[in-house]
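A short worksheet on the structure shown next.
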Amino acid sequence: MNNNYPIGLFDSGIGGTSIWKAIHELMPNENTIYLADSKNAPYGKKSKEEIIALSKKNTELLLELNCKIIVVACNTATTNAIKELRATYDIPFIGIEPAIKPAAHNSKTQTIGILATKGTLSSELFNKTVELYQDTTIVEQIGHGLVELIESGAIDSSEMDKLLHSYITPMIEKNIDYLVLGCSHYPYLIPKIKKILPNHIQIIDSGEAVAKQTLAVLKDKIGISKIQKSNALFYTNGNPKVLSEILENKYTVIERQF
């Protein structure tokens, strides 16, 4: 495996770019390839079998593109498919899970909120993690409709505001002091969420932790890139304009069927 081969990432659309940004910030010399499977978003409504099939399809394309490590930049795909991916392919996989541990350990009220997709909250991996924190009350909320609005470029819509208020207000009333974002799309909603939350409630997402874990695995198993100028490729099977805008039009987005 060549050290200078790219890091591959995939997500059910544009949300995993929040993970890509954290990785790119920590490792600016690494080449990256990002797949936005927007055609099949959201994964959170699909069966486990469908999620595994889509995750394998994305993995095989990233392997064709010579990726040296694959980041499953999607909570739903991680919690439903990463075990199967690791058993099938001989390449390191990095997953992303809701950051329950830091929230539970630091909570003063012993009550935390988790905003995630149905696919994540109903997964076996998520429920096994929750069982580890029986002293903490975990308020779960499915973010129905949030991914679809983000994918359609409607982050700043009144419909988005209405949904966020309806999901977050009951959590505040239950005395949470941490809100865990359990979907890689949701960090793009942080400015809106902050307007709803009181100042004492902290928001946690997984981007920085995933980037650090990716770096650690690269150093341990493959090696880090020695190139001076890195290249970032973005592929989407959805609307390239939405992905370009979330990347602030700084990168070329290639439309491709996969």
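What follows draws every value from the coordinates through simple rules; no lab data is involved. Fair warning: this is a prediction, and the values are worked out from it, not measured in the lab. Neighbour counts are summed over all protein chains in view; Cβ atoms, including those assigned to glycine, are modelled from backbone coordinates with ideal geometry.
Calculate how steeply helix 207-217 sits against the longest principal axis of the alpha-carbon atoms of the chain, using the helix alpha-carbon long axis, and give the answer as 0 to 90 degrees to the nearest 10. The answer is roughly 40 degrees. Taking label points 7 Å from Cα along the Cα-to-Cβ direction, E50 and N2 give a separation of 3.8 nm.
Of the GluC sites (Glu not before Pro) found in segment 215-258, those that fall in a DSSP loop while having at most 12 other beta-carbon atoms within 10 Å are E248. Inter-label distance, L132 to K229: 4.3 nm, where each label sits 7 Å from its Cα along the C-beta direction.
For segment 72-82, 3J(HN,Hα) computed residue by residue from phi via the Karplus equation (6.51, -1.76, 1.60; θ = phi - 60°) reads 7, 7, 8, 4, 5, 5, 4, 5, 9, 10, 5 Hz, glycine and proline entered as x.
Considering only alpha-carbon pairs that sit under 8 angstrom and 6 or more positions apart, the relative contact order computed for the chain is 28 percent.
I'd like the per residue volume of the convex hull spanned by the Cα atoms of the chain, given in cubic angstrom.
In the chain, the Cα convex hull volume per residue is 120 Å³.
E151 sits among other residues whose Cβ lies under 12 Å from its own Cβ, and their net charge, with Lys and Arg +1 and Asp and Glu -1, is -2. Would segment 110-258 count as rounded, prolate or oblate if I go by the C-alpha gyration tensor, calling it rounded below 1.5 in a/c and otherwise prolate when a/b exceeds b/c, oblate otherwise? Here segment 110-258 falls in the oblate category. With a cut-off of 13 Å between beta carbons, the residues surrounding K83 carry a summed charge of +1, where Lys and Arg count +1 and Asp and Glu -1.
All other residues whose Cβ lies under 12 angstrom from that of K21 are scored, Lys and Arg at +1 and Asp and Glu at -1, for a net of -3.
For the chain, the longest principal axis of the C-alpha atoms and the axis of helix 48-64 are separated by about 30°.
The packing ranking, built from the mean of other Cβ atoms within 10 Å per residue, places the peptides 106-118, 224-236 in the order 106-118, 224-236, highest first. Descending by average beta-carbon neighbour count within 10 Å, the peptides 34-45, 87-98 line up as 34-45, 87-98, the highest first. With all pairs of separate Cα atoms included, segment 176-258 yields a Kirkwood hydrodynamic radius of 16.0 Å.
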